[in-house]
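Contents: one structure, followed by commentary.
The values are calculated or read from the model by the stated rules, or taken from the named source; none is laboratory data. Please read these numbers as outputs of a predicted model, since none were measured by experiment. Cβ coordinates were reconstructed from backbone atoms using ideal geometry, including for glycine residues, and neighbour counts include every protein chain displayed. In case anyone asks, the SASA skips ligands and DNA or RNA and just uses the protein heavy atoms, side chains included. Shrake-Rupley method; radii C 1.70, N 1.55, O 1.52, S 1.80 Å.
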Amino acid sequence: MNKKITWRLALLLAAMVPALAHGKQDQPNIVMILADDLGWSDLGCYGSGIETPNLDRLAENGIRFTQMHNTAKCFTSRACLLTGLYAQQNNIARGPGKLQNSVTLAEVLREAGYRTLAAGKHHGEDNLYDRGFDRYFGLRDGACNYFNPGKARPGEVEPAHKKAMFPRKWCIDGKTLAPYTPKEKDFYTTDYFTNYALDYLEEYKNEDKPFFLYLAYTAPHDPLQAWPKDVEKYTGKFMQGYGFYRKARYKRMKEMGLIDESFPLSNQTYREWDSLTQAEKVKEDRRMAVYAAMIDCMDRNIGRVLNKIEEQGELDNTLVLFASDNGCSPGSDSGGFKAYNSGADQGEIGSMQRYTKLGIDWANVSNTPFQLFKTNAHKGGTCTPLIAYWPKGIDGKNRISHKVGHLIDMMPTFIDASGATYPTEFKGEKVIPMPGQSLVPIFKKREVVRGKPIFWNYGKGKAIRHENWRLVSDQGSPWRLYNMDVDKTEKTDLSKKYPEVVSKLSEMHAGWLRSTPTPKQQRKAKKKRK
């Protein structure tokens, strides 16, 4: 037989092996949905008063996790989720660059026979179309105007944007556009990411292969922008103030059995509502109404995707996971509008020409019951809601799991569920072994022990979770030690009581950092060896 034909046949058989070994018909479709800057308690099934019936439906028929974590920052979390590696390992720790030393979920699953589809935000220098996805429509950068990420269209106002970050890069399959100005006047990122996802599902519905859909919304990241009809639904509903809604969320969490006494409510950081003028209260109500509308719209669009998959008869064997890339952001408009284009402070909050952020007060509500926010290593920054739904693969319904996890666990989970193979080398580059562990045993109600510590390190925040301890430092503060068995919201610092634990865990964290040098540090080390 011709050597070239033999070689090609060998490659074809190698690609078929994972699917054959696992059982082709058993491979589930996989849908990974990621929200942007969503607070831990912003969903109805996590205690919010915001209407999220579609995500609530997934939770009622699946599992809600209370101890799942991200990296506290958009681009590091997304790189972590996509590769199953810490950002310190895949070249993204210092900024949204190109992925290295890694394979993506799409690259692994495509080798296992999956059709790989993506719509939404990436926040890195790679085009996802070049990293294993057969189709991709979305924002390559970090944030954009929801109604128009590009230049003003004829007859419309100039869309609000940050001057230093414009134009935003946008990808449509192999093309990268900067700026991207959609022609459609009804354009809204959440809707159109979903539109493309639905088109992909329709296009490939007759294929004899499972699909992997990565749907990464920008909602509810700033700027706060939403359809007027959605905002109207929530206008006036937040006039009772920050404290009222934070306590109401906490009460609902306890009543639904989501949390217990090991989740004490952290200290408030919001202003007293009565200290605000009436005009300020109306503005704050509007701010939160728009934020709620963005989440409501995202949930409605998730419902469109679920309905489509159900219409195709595929929902029972589809693993759906929903998470957030970090906690709610405390960003505010207090610094003025010098960083934005002219007119970004004009118009009503929620409109295309206005750039508004949620602010630290409402962020404290969104991250209930935890303290601090996005970019912080404390759980207000690093704890994400996680909903897992898979009728054929999850035992039981409406389950709540307090098992500890991290976005590094997505890669081993998908490999476990699909029968895919994680490579040691990809396209001539060595691939770092996975540090995470599969969630599938939790789906099956098997006893699970977390064998390795979990690490965090972003900006001025750092942390380690090992056994029942979590050691945390934010903004250069001394290490603080918390007992996760009784204090999952990190209220009581035990560092002075257990200095030996602080010493042990801090050295483990330092050792981990030494084992994950940045590319710049690697180059320096290489020069020294020469």
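Data table
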{"quantity": "Mean-position separation - Cα centroids, the range 443-491 and the range 140-176, in angstrom", "calculated": "38"}
{"quantity": "Whole-angstrom gap from the range 217-296 to the range 50-112, using each part's C-alpha centre", "calculated": "26"}
{"quantity": "Mean Cβ count within 10 Å, highest first, over the residues of peptides 243-254, 70-81", "calculated": "70-81, 243-254"}
{"quantity": "Packing-based ranking, highest mean first, of 481-493, 47-59 given that Cβ atoms within 10 Å are counted", "calculated": "47-59, 481-493"}
{"quantity": "25 Å Cα-Cα threshold exceeded, pairs from 251/379; 233/392; 254/308; 162/185", "calculated": "233/392; 254/308"}
{"quantity": "Across 163/229; 73/452; 98/445; 73/430; 247/283, pairs whose alpha-carbon gap is larger than 31 Å", "calculated": "98/445"}
{"quantity": "Size of charge dipole - the chain - debye, nearest 20, with Cβ of Lys, Arg +1 and Asp, Glu -1, no other charges", "calculated": "2300"}
{"quantity": "The range 60-140, Cα convex hull volume normalised per residue, Å³", "calculated": "121"}
{"quantity": "Residue 254-residue 429 FRET efficiency (beta carbon distance; Förster radius 60 Å; 0.05 resolution)", "calculated": "0.80"}
{"quantity": "Set of aspartates and glutamates with alpha-carbon distance to residue 209 below 18 Å, sequence-local pairs under 8 removed", "calculated": "26, 107, 111, 134, 199, 310, 311, 314, 316, 416"}
{"quantity": "Computed over the range 349-466, Cα set: Rg, Dmax in Å", "calculated": "18.3, 52"}
{"quantity": "Leading residue at positive end of dipole, the chain (Cβ point charges), from 499, 213, 481", "calculated": "499"}
{"quantity": "Listed residues 169, 175, 98 arranged by accessible area, highest first, probe 1.4 Å", "calculated": "175, 98, 169"}
{"quantity": "Signed unit charges on C-beta, dipole axis of the range 152-261, positive-most listed residue 155, 231, 245", "calculated": "245"}
{"quantity": "Inter-site label distance for residue 173 and residue 467 at 7 Å from Cα along Cβ, in nm", "calculated": "5.5"}
{"quantity": "Charge dipole (the chain, unit charges on Cβ, about Cα centre) - positive-most of 298, 454, 270", "calculated": "454"}
{"quantity": "Cα-only Debye scattering, the range 126-193: base-10 log of I(q)/I(0) at q = 0.25, 0.27, 0.28 Å⁻¹", "calculated": "-1.15, -1.27, -1.33"}
{"quantity": "Cα-centred dipole magnitude for the range 193-269, charges only on beta-carbon of K, R (+1) and D, E (-1), debye, nearest 20", "calculated": "680"}
{"quantity": "Cβ-placed point charges (K, R +1; D, E -1), dipole of the range 380-530 about Cα centre in debye, nearest 20", "calculated": "820"}
{"quantity": "The chain - Rg and Dmax from Cα coordinates, angstrom", "calculated": "22.8, 85"}
{"quantity": "Extension gain (nm, one decimal) between residue 281 and residue 402, 0.36 nm per residue minus Cα-Cα", "calculated": "39.9 nm"}
{"quantity": "Approximate spin-label separation residue 233-residue 450, in nm, with each point projected 7 Å along Cα-to-Cβ", "calculated": "3.5"}
{"quantity": "Calculated SAXS-style log₁₀ I(q)/I(0) at q = 0.18, 0.19 Å⁻¹ - the range 291-419, Debye, Cα scatterers", "calculated": "-1.14, -1.19"}
{"quantity": "Residue 130 versus residue 164: modelled label distance in nm, points set 7 Å from Cα along the beta carbon direction", "calculated": "2.6"}
